[in-house]
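Enquirer: First the structure, which I've put down as structure tokens, then a few questions once you've had a look.
The values are calculated or read from the model by the stated rules, or taken from the named source; none is laboratory data. Here the structure is a predicted model, which means the values were calculated and not measured. Counting neighbours? That spans all protein chains shown, and the Cβs are built from the backbone with ideal geometry, glycine included.
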Amino acid sequence: MGTKPVIAVVGPTGSGKSDLAVSLARRLDGEVINADAMQFYRGMDIGTAKITGADRRGVPHHLLDTLDITQEASVSDFQAQARELIADIHRRGRRAILAGGSGLYVRAALDILEFPGTDPVVRARLEQELAARGSAAMLERLSAVDPVSAGRLSDARRIVRALEVYELTGRPFSSFMPRREYFQPAVQVGLEVDREVLRERLAARVHAMVDQGLLEEVRRLDAQGLRRCKTASRALGYSQFLKVVDGEATVEQAAGETIVATRQFARRQLTWFRADPRIQWLDWQDPDLVEKAAALCL
């Protein structure tokens, strides 16, 4: 019998992905791999709603707390780590269950998706050419070797990146675009939400984070270098509460901004996941959710 498929639990923030992943792991003898980029960071616990030790209910969790607050998260690094973990979990006869709302990270683990390398010397030379000649000339040069990317790109940095990839690989940047094709057998379970209920739940969750000490967490991480990391410092809640630390906003204002930003993020996540026809959607509040999800994963 072949290896059973990788499981991914996806959906918007606040929909209960972590809880379902744990329940599935207990039901199917599995282990959970975190696919939420912000939960890689040590110390970012309250603001990311990181699952607590007690809530893990004895289920092994991987790729939580793997980065210092000053390190940048990398999709390509995550891809390598996640695939290694999936292979190891399957070798041991258990089920690998990805859980997280970072759509690109989920796809990096599941789909055929290549990340071409980079070369600082080539990049620096191309950036010098950009400064000297302008983006229109660079775009014209790109159109000669990669018309598909040239038609899609307008940002100067991405034009430079496309030229760098062509120079390093001899392949057009567009050839590295992701395809909806699994790297290995997979099942994606999506949590279908009542949007109005989710809106209220996200607001309540932000207020709970404030009560749990989000401001103190942000102050502590700020002292450890939070602002030096573009990824971490822009995380939901953290960027808003840094304004409180700086005296530019009250706690109430920061909480209000965080609620708005979190709701917008949830809408973007839904748009992203809805575009993938392979996801099998289940009602997040169905009393038989775990049984139905488990049945999809056999």
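Enquirer: Could you pull out the residue among 96, 150, 162 that is within 30 Å of residue 273 (Cβ to Cβ), in the same structural domain as residue 74 (by TED's automatic domain parsing) and either among the aliphatic types (A, V, I, L, M) or surrounded by fewer than 16 Cβ atoms within 10 Å (Cβ to Cβ) (or both)?
Expert: Within the list 96, 150, 162, the selection yields 96.
Yes/no matrix, rows are residues, columns are (1) over 17 Å from the mean Cα position of the chain (by Cα); (2) on the phi > 0 side of the Ramachandran plot; (3) in a helix (DSSP H, G or I):
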site	(1), (2), (3)
39	no, no, yes
46	yes, no, no
55	yes, no, no
58	yes, yes, no
77	no, no, yes
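Enquirer: Related question: Quick check: anything in the stretch 255-272 assigned to a loop (DSSP other than H, G, I, E, B), more than 18 Å from residue 36 (Cα to Cα) and in the same structural domain as residue 188 (by TED's automatic domain parsing)?
Expert: First, the residues of the stretch 255-272 that are assigned to a loop (DSSP other than H, G, I, E, B): none.
Looking for residues that are assigned to a loop (DSSP other than H, G, I, E, B), more than 18 Å from residue 36 (Cα to Cα) and in the same structural domain as residue 188 (by TED's automatic domain parsing), one finds none in the stretch 255-272, hence no.
Enquirer: Could you give every pair whose Cβ atoms fall below 6 Å, whose first residue belongs to the stretch 150-176 and is at positive phi, and whose second residue is crowded, with 16+ Cβ neighbours inside 10 Å and of a type in the set (Asp, Glu), counting only separations of at least 6 or pairs across chains?
Expert: none
Enquirer: Let me confirm something: among 249, 232, 204, which residue is part of a helix (DSSP H, G or I), of a type outside the set (D, E, K, R), without any contact (Cβ under 8 Å) to a residue 60 or more places away in the chain and assigned by TED's automatic domain parsing to the domain that holds residue 51?
Expert: Of 249, 232, 204, the one residue that is part of a helix (DSSP H, G or I), of a type outside the set (D, E, K, R), without any contact (Cβ under 8 Å) to a residue 60 or more places away in the chain and assigned by TED's automatic domain parsing to the domain that holds residue 51 is 204.
Enquirer: Of (1) touching a Phe, Trp or Tyr at 6+ places or on another chain (Cβ under 8 Å); (2) surrounded by fewer than 21 Cβ atoms within 10 Å (Cβ to Cβ); (3) farther than 30 Å from residue 219 by Cβ; (4) among the aliphatic types (A, V, I, L, M), residue 10 satisfies all except one. Which?
Expert: So the condition that residue 10 fails would be (2).
Enquirer: Condition first: of a type outside the set (A, V, I, L, M, F, W, C), in a loop (DSSP other than H, G, I, E, B) and more than 22 Å from residue 295 (Cβ to Cβ). Now tell me which residues in the stretch 3-37 satisfy that.
Expert: Hits for the stretch 3-37 are 12, 13, 14, 36.
Enquirer: Could you check, for the stretch 272-295, whether at least one of its residues is among the acidic types (Asp, Glu) and in contact (Cβ under 8 Å) with a residue 12 or more places away in the chain?
Expert: yes
Enquirer: Those residues that are more than 16 Å from residue 187 (Cα to Cα), under 22 Å from the mean Cα position of the chain (by Cα) and small (Gly, Ala, Ser), I need them from the stretch 252-298; list them, please.
Expert: Result: 261, 266.
Enquirer: Tell me the helices (runs of 4 or more DSSP H) entirely within the stretch 85-191 that contain at least 1 residues that are closer than 30 Å to residue 23 by Cα. Walk me through how you get there before you give the answer.
Expert: Working: elements: 103-110, 120-133, 135-145, 147-152, 156-169.
It comes to 103-110.
Enquirer: Scan the stretch 106-122 and report the pairs whose first residue is touching a residue at least 24 places away in the same chain (Cβ under 8 Å) and small (Gly, Ala, Ser) and whose second residue is surrounded by 18 or more Cβ atoms within 10 Å (Cβ to Cβ) and in a loop (DSSP other than H, G, I, E, B), with Cβ atoms within less than 9 Å and a gap of 6+ or a chain change.
Expert: Between residues of the stretch 106-122 that are touching a residue at least 24 places away in the same chain (Cβ under 8 Å) and small (Gly, Ala, Ser) and residues that are surrounded by 18 or more Cβ atoms within 10 Å (Cβ to Cβ) and in a loop (DSSP other than H, G, I, E, B), the close pairs are 108/35; 109/35.
Enquirer: Could I ask something else about it? Filter the stretch 163-189 down to the residues that are among the small types (Gly, Ala, Ser) and closer than 27 Å to residue 10 by Cα and list them by number.
Expert: Across the stretch 163-189, the qualifying residues are 174, 175, 186.
Table: residues versus (1) among the hydroxyl-bearing types (Ser, Thr, Tyr); (2) surrounded by fewer than 17 Cβ atoms within 10 Å (Cβ to Cβ); (3) over 21 Å from residue 265 (Cβ atoms); (4) modelled with pLDDT of 95 or more.
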residue: 187; (1), (2), (3), (4): no, no, yes, yes
residue: 190; (1), (2), (3), (4): no, no, no, yes
residue: 197; (1), (2), (3), (4): no, yes, no, yes
residue: 200; (1), (2), (3), (4): no, yes, no, yes
residue: 220; (1), (2), (3), (4): no, yes, yes, yes
residue: 223; (1), (2), (3), (4): no, yes, yes, yes
residue: 231; (1), (2), (3), (4): yes, yes, no, no
residue: 234; (1), (2), (3), (4): no, yes, no, no
residue: 238; (1), (2), (3), (4): yes, no, no, yes
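Enquirer: Follow-up question, since we're still on this one. On the basis of being of a type in the set (D, E, K, R) and not assigned by TED's automatic domain parsing to the domain that holds residue 284, does residue 219 make the cut?
Expert: Taking the combined requirement at face value, the residue does not satisfy it.
Enquirer: Sort out which residues of the stretch 274-298 are in a loop (DSSP other than H, G, I, E, B) and either touching a Phe, Trp or Tyr at 6+ places or on another chain (Cβ under 9 Å) or of a type in the set (A, V, I, L, M) (or both), and write them in order of number.
Expert: 275, 278, 279, 298
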